[in-house]
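Trainee: Before I ask anything, here is the structure I am working with.
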Amino acid sequence: MAIIASPARRAASANVGSRKASLFEINPLSDSRWETFVNSHPWSSVFHSTNWLRALQMAYGYDPVVVTTSAPEAALTNGLVFCRVNSWLTGRRLVSLPFSDHCEPLVRNSSELDDLLLHMKRGVEGGRLKYVEIRPISTEPGSQTGFARSNTYRFHRLDLCKSEQDLFRSFHKDCVQRKIRRAEREKLHYEEGTSEILLQQFYNLLVITRRRACAGKRPGVPPG
């Protein structure tokens, strides 16, 4: 799901409880505590990793930031990671995280999450941000934060603890099983790596696919 706080919902959080928490912002790419925390947290995913955050920064120029109640000299016990997105078309906003299927808040309880979100919402109320968006799988903020659902998506899980046979039988007979059998008959094989040879093979397959997709369309359009 996608949950946002925007100026339109400002009135909903005007009267916030008196609970106060010391909050800190850290750079997850330079603070080694973040990677250690992510590797040990049961709710973390690849989207929390420094490699993914660095990819977002390099590809799109998004600077990541983590909000936490843990002091600079202490080990991290919670964290909510965002990317700062600044666009002339859609405005300045905080998203957790862009181009990511989901990004669960790494907190111990709902009170911690609400404290972190209230801190982020001050930027919206002060006019510095157009909105703040989080994309949790199951965690939802309290109503006093002013955050509300904007979109809901379907999330698919695959249990890899099953045996190969049980896993195959759990797939749809037509949509999945039939295609796996066809791949076996055609001796399709899988490779991964970063070599120049594999990159060239991938590009060749991409060109073939694009030519097929563009067949019958305007001539002279490049395939890739």
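Throughout, read-outs are computed from the coordinates displayed, never taken from laboratory work. All of these numbers come straight from a predicted model, not from anything done at the bench. Cβ placement follows ideal geometry from the backbone for every residue including glycine, while neighbour counts extend to all protein chains displayed.
Trainee: Work out how far the C-alpha atoms of region 2-151 reach from end to end along every principal axis, then list the three figures in whole Å, largest first.
Mentor: 38, 36, 27
Trainee: Relative contact order, percent, of region 2-151 when contacts are C-alpha pairs under 8 Å separated by at least 6 residues? Intermediate values should be presented prior to the final figure.
Mentor: Values: 259 pairs, mean separation 51.3, N = 150.
Reported as a whole number, the value is 34 percent.
Trainee: Between Ala213 and Ser143, what is the label-point separation in nm under the 7 Å Cα-to-beta-carbon projection?
Mentor: 4.6 nm
Trainee: Just to be sure I understand: with springs between alpha-carbon atoms less than 10 Å apart, which residue in Cys83, Cys103, Cys161 has the highest mean-square fluctuation in the Gaussian network model of the chain?
Mentor: Looking only at Cys83, Cys103, Cys161, the largest GNM fluctuation is found for Cys161.
Trainee: Among Gly193, Gly146, Gly61, which one shows the biggest mean-square fluctuation in a GNM of the chain, springs joining Cα atoms closer than 10 Å?
Mentor: Gly193
Trainee: Once you treat every alpha carbon in region 65-224 as an equal point and sum by Debye, what is log10 I(q)/I(0) at q = 0.13, 0.15 Å⁻¹?
Mentor: -0.94, -0.99
Trainee: Please find, in a Gaussian network model of the chain (springs between Cα atoms separated by less than 10 Å), the residue of Ala183, Ala148, Ala71 whose mean-square fluctuation is greatest.
Mentor: Ala183
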